[in-house]
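Working notes, structure below.
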Amino acid sequence: MATYDLLVEDAYTVEHDDVVDIAIEDGVIREIAPEIDGAERVIDAEGNFVSPGLIDCHMHIDKSFAAAGERVPKGNDETFLFDRIARQEREYFDQASIEEIRENATRDVQMAVAAGSTYLRSHVTVDAEIRGTDNMEAAVGARERTADIADLQLVPAGRDELTSEGLETLHEAIEMGADAPIRDPVLLGGSDPASGNNDIERSFETWFEVAEEHDVDIDLHIQDGGTLGIYTLERLMAHMRRVGYQDRVTASHSFALAHIPDWRVEEVLSEAAELGLKFVTCYQSTRSEMPVKTMLTMKDVILGHGTDNDRDFVFAQGNADSVEALFVEMNKLHGDRTFVEDYRWFESNEGMAALWDMITYQGARVLGIEDEYGIEEGNPANLVVFDEPSPQWTIISGGTREYVLKDGAVVAEDGELLPEYRVVD
Ligand SMILES: [Zn+2]
């Protein structure tokens, strides 16, 4: 007697003390109990770990795979220099068609979903000079083609928004991204008001004005270091207060938090917690002195994680794999600032659980979906079934994604997207 569409049996979750069965009907988790009978299809988790769909808070799908297609990563023969990146980005964007960018972006989303991430946020480069809104058009196209496997928030980020043409392009890009049946389909992006735009106040005034006009949230790259970066965060928070944008802003990277003493870290994070300024870090660039433990354990501080670039001219390394990213974080945070009393905390079970929180519940708060996220009755059935018994063993082993479920449908098995969900190869 089948009552439910699908049953995930014998699942260990972080949400429940005992192993449970999870019953799904019409894409929604309907019942969670120790023993449920009756479903058209049964997936036996065999007591292994089942997570809510992973959350990748920071990608760049419009650049992805720009380095692919040759025996070794294209344009990767010199070390990282901003000039080199700017030149290669320009060369790539000068010749790439909307169709090519859309295909690569679609490929990137597919890769993320096969790795278990069904909730994504991607920045998209827009400007008046090189691409106009072409990358946004490509990203929106990729989102439409992958709507049944991922919820994708798009963050158009201008490079010349302090010019009138650039500002107009940014407005247009936001309008293009607004139409999708997910929470916050589009946000406003931007980066480095000091070193990038050379005008902190005008940048913030412009960004908040645009965001308010479209009633969208904000996610900025704050990459400036040291006291300049901290001053930038302070001004960002001042503008959040001025405009009433509490809980609506993300500061991606925020490297400067790695450069200041503990007492100052606590001051800045307390203010951020009070205002609801959210942070995102990305494994390739997380500074080893970043106060990640403090951020993950301090009340009301929100820190999500992103896999950033995939196989492009910024980072040739990148598999859109949040679990792999946590393995890197666990190892590189060895030398973090709590070296004395907490050396290797991130390798402890508690530390790995906190890392896991970044790609699940903390990420949900960054994306503003916390009220519909997690393995609870009534939530969308976005799940990942692993072949390991816990988040800790999953991080250590890289954990095979045996099944990825999006809205109750199995969309990937054994780390591969199912053919019927594959738009590009
Ligand atoms: Zn980025």
When the residues of region 376-425 are filtered to those that are closer than 27 Å to Asp26 by Cα and of a type in the set (Gly, Ala, Ser), which remaining residue is surrounded by the fewest Cβ atoms within 10 Å (Cβ to Cβ)? Gly378
Determine which single condition Tyr343 fails, assuming it passes every other condition in (1) without any contact (Cβ under 8 Å) to a residue 24 or more places away in the chain; (2) touching a Ser or Thr at 6+ places or on another chain (Cβ under 7 Å); (3) among the aromatic types (Phe, Trp, Tyr). (2)
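Scanning for something polar (S, T, N, Q), on the phi < 0 side of the Ramachandran plot, within 20 Å of the chain's Cα centre (by Cα) and not assigned by TED's automatic domain parsing to the domain that holds Glu103, does region 387-395 turn up at least one residue? Walk me through how you get there before you give the answer.
In the first step, residues of region 387-395 are kept if they are polar (S, T, N, Q); the result is 390, 392, 394.
Narrowing the set further to residues that are on the phi < 0 side of the Ramachandran plot leaves 390, 392, 394.
Filter again for within 20 Å of the chain's Cα centre (by Cα), leaving 394.
Subset that is not assigned by TED's automatic domain parsing to the domain that holds Glu103: 394.
Yes: one or more hits.
One line per residue, one yes/no per condition, for (1) under 24 Å from Ile222 (Cβ atoms); (2) at pLDDT 95 or above; (3) in the same structural domain as Ile395 (by TED's automatic domain parsing):
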site: Tyr283; (1), (2), (3): yes, yes, no
site: Leu296; (1), (2), (3): yes, yes, no
site: His305; (1), (2), (3): yes, yes, no
site: Gln317; (1), (2), (3): yes, no, no
site: Asp321; (1), (2), (3): no, yes, no
site: Ala325; (1), (2), (3): yes, yes, no
site: Val328; (1), (2), (3): yes, yes, no
site: Lys332; (1), (2), (3): yes, no, no
All-but-one check, Asn331 against (1) surrounded by 22 or more Cβ atoms within 10 Å (Cβ to Cβ); (2) among the polar types (S, T, N, Q); (3) away from the ligand (no atom under 14 Å from the Cβ), failing number (1)
Only one residue in Asp224, Asp184 is within 16 Å of the ligand (Cβ to nearest atom) and of a type in the set (D, E, K, R), so which one is that? Asp224
Mind listing whichever residues of region 85-97 are touching a residue at least 24 places away in the same chain (Cβ under 8 Å) and within 17 Å of Asn309 (Cα to Cα)? Ile85, Gln88, Glu89, Arg90, Tyr92, Phe93
Out of the residues in region 277-301 that are under 13 Å from the mean Cα position of the chain (by Cα) and open to solvent by 10 Å² or more (accessible area, probe 1.4 Å), state the one that is nearest to the ligand (Cβ to nearest atom). Tyr283
Answer yes if at least one residue in region 302-312 is open to solvent by 10 Å² or more (accessible area, probe 1.4 Å) and more than 15 Å from the ligand (Cβ to nearest atom), and no otherwise. yes
Answer with yes or no whether Thr250 is touching a residue at least 40 places away in the same chain (Cβ under 8 Å), open to solvent by 10 Å² or more (accessible area, probe 1.4 Å) and polar (S, T, N, Q). no
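Please go through region 271-328 and give me each residue that is β-branched (Val, Ile, Thr) and in a helix (DSSP H, G or I), ordered by number. Spell out the reasoning first.
Taking region 271-328 first, the residues β-branched (Val, Ile, Thr) are 280-281, 286, 292, 294, 297, 301-302, 307, 314, 323, 328.
Those that are β-branched (Val, Ile, Thr) and in a helix (DSSP H, G or I): Val292, Thr294, Thr297, Val323, Val328.
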With the requirement that a residue be touching a residue at least 40 places away in the same chain (Cβ under 8 Å), open to solvent by less than 10 Å² (accessible area, probe 1.4 Å) and touching a Lys or Arg at 6+ places or on another chain (Cβ under 9 Å), what does region 142-190 give you? Ala142, Ile149, Ala150, Leu152, Gln153, Val155, Gly177, Leu187
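The values are calculated or read from the model by the stated rules, or taken from the named source; none is laboratory data. Everything numeric in this text was worked out from a predicted model, so none of it was measured. All Cβ positions, glycine included, derive from the backbone under ideal geometry; neighbour counts span all protein chains shown. To get the accessible areas, we keep the full protein, side chains included, count just its heavy atoms, and leave off ligands, DNA and RNA. Shrake-Rupley method; radii C 1.70, N 1.55, O 1.52, S 1.80 Å.
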